[in-house]
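Below is one structure, written out as structure tokens; the observations come after it.
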Amino acid sequence: MAAKCNNSLEVVAYGDPTLGFIPVPLTQANLKLQKPYDIPLDQRYSYEHGIHWLWVYADDKPHEPTSHTQPRTEIRISGLDYNSGVWQFEGYGFVPNGTSGATIAQIHGAAHGATTLILRIYNNGEMRYYSRDLVAENLYDKWFRLNIIHDVDGGTVSVFIDGKKKFHTKDKGPGDLYFKCGVYAAPANISYYMESRWRDIKIYRL
């Protein structure tokens, strides 16, 4: 079984990242919204013509009164948590010029730490792994296809932009894992206003 998975992952490095994967049924019930706890959802989120619009301000409250985390408006993929196998997130994202220091996609959960993967947008439309490794450039003001493949058993994560493999790293061990997208303020160096838009969100697995 392991050899089969490895062969499939080798293929996606050079072609469609979803090749060989099986779509997982996804409904609106699986898209759980997290937003500042003290304001109505429609002041930080809208859904029009198949597009999820998510925005947040640097001085917003966290998503729960007891949380000490940064402000966010995010879609949490609910009901599809995983702790083994090979899973994939796909979505088309759009980040307007000016949004900086915002996590737009992540894998939450890890054996050590809170997250396995953080993808942040910084000035000039750069996407970075946390605040470190450069993943992609010039992503402002255009739609891009994002695919994230997490091979839990193999201990790796791969990131694709518009079908091209842009980043590969070791994961942080198994845990209660799930995908998220939207805007989540970084601890420092953030813009006052942060926004991202998402459409055609899908989940796959091998």
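Cβ contacts < 7 Å: first residue touching a residue at least 12 places away in the same chain (Cβ under 8 Å) and more than 14 Å from R120 (Cβ to Cβ), restricted to segment 98-110; second residue of a type in the set (K, R) and outside any loop (DSSP other than H, G, I, E, B), any location; separation 6+ or different chain. Result?
Listed pairs, sorted by first residue: H108/K180.
I need the full set of residues from segment 16-52 which are surrounded by 12 or more Cβ atoms within 10 Å (Cβ to Cβ), at pLDDT 95 or above, within 19 Å of the chain's Cα centre (by Cα) and assigned to a loop (DSSP other than H, G, I, E, B), in order please.
Correct list: P17, T18, F21, L26, K35, P36, R44.
Kindly indicate whether W198 is in contact (Cβ under 8 Å) with a residue 24 or more places away in the chain, surrounded by fewer than 19 Cβ atoms within 10 Å (Cβ to Cβ), hydrophobic (A, V, I, L, M, F, W, C) and within 21 Å of V56 (Cα to Cα).
Taking the combined requirement at face value, the residue does not satisfy it.
When you go through R120, R145, R128 one by one, which is the residue that is more than 11 Å from the chain's Cα centre (by Cα) and under 18 Å from Q70 (Cβ atoms)? Steps first, please.
Details: R120 fails: more than 11 Å from the chain's Cα centre (by Cα); R145 fails: under 18 Å from Q70 (Cβ atoms).
From the options R120, R145, R128, the qualifying one is R128.
Hey, among A13, A3, which residue is of a type outside the set (S, T, N, Q), at pLDDT below 95 and closer than 14 Å to Q88 by Cβ?
A13
Counting residues that are in contact with an Asp or Glu (Cβ under 9 Å, 6 or more places away or on another chain), farther than 21 Å from S131 by Cβ and open to solvent by 20 Å² or more (accessible area, probe 1.4 Å), which strands (runs of 3 or more DSSP E) fully inside segment 53-113 reach at least 1?
86-94
Before we move on, is D133 closer than 20 Å to Y178 by Cα, among the acidic types (D, E) and modelled with pLDDT of 95 or more?
So D133 does not fit the description; no.
Of everything in segment 166-193, what is open to solvent by 60 Å² or more (accessible area, probe 1.4 Å), touching a Phe, Trp or Tyr at 6+ places or on another chain (Cβ under 8 Å) and outside any loop (DSSP other than H, G, I, E, B)? Give them in sequence order.
Those that are open to solvent by 60 Å² or more (accessible area, probe 1.4 Å), touching a Phe, Trp or Tyr at 6+ places or on another chain (Cβ under 8 Å) and outside any loop (DSSP other than H, G, I, E, B): K166, Y193.
The values are calculated or read from the model by the stated rules, or taken from the named source; none is laboratory data. Bear in mind that the values here come from a model prediction, so they are computed numbers and not experimental data. Virtual Cβ from ideal backbone geometry, glycine too; neighbours counted across all protein chains shown. With ligands, DNA and RNA removed, areas are computed over all heavy atoms of the protein, side chains included. Shrake-Rupley method; radii C 1.70, N 1.55, O 1.52, S 1.80 Å.
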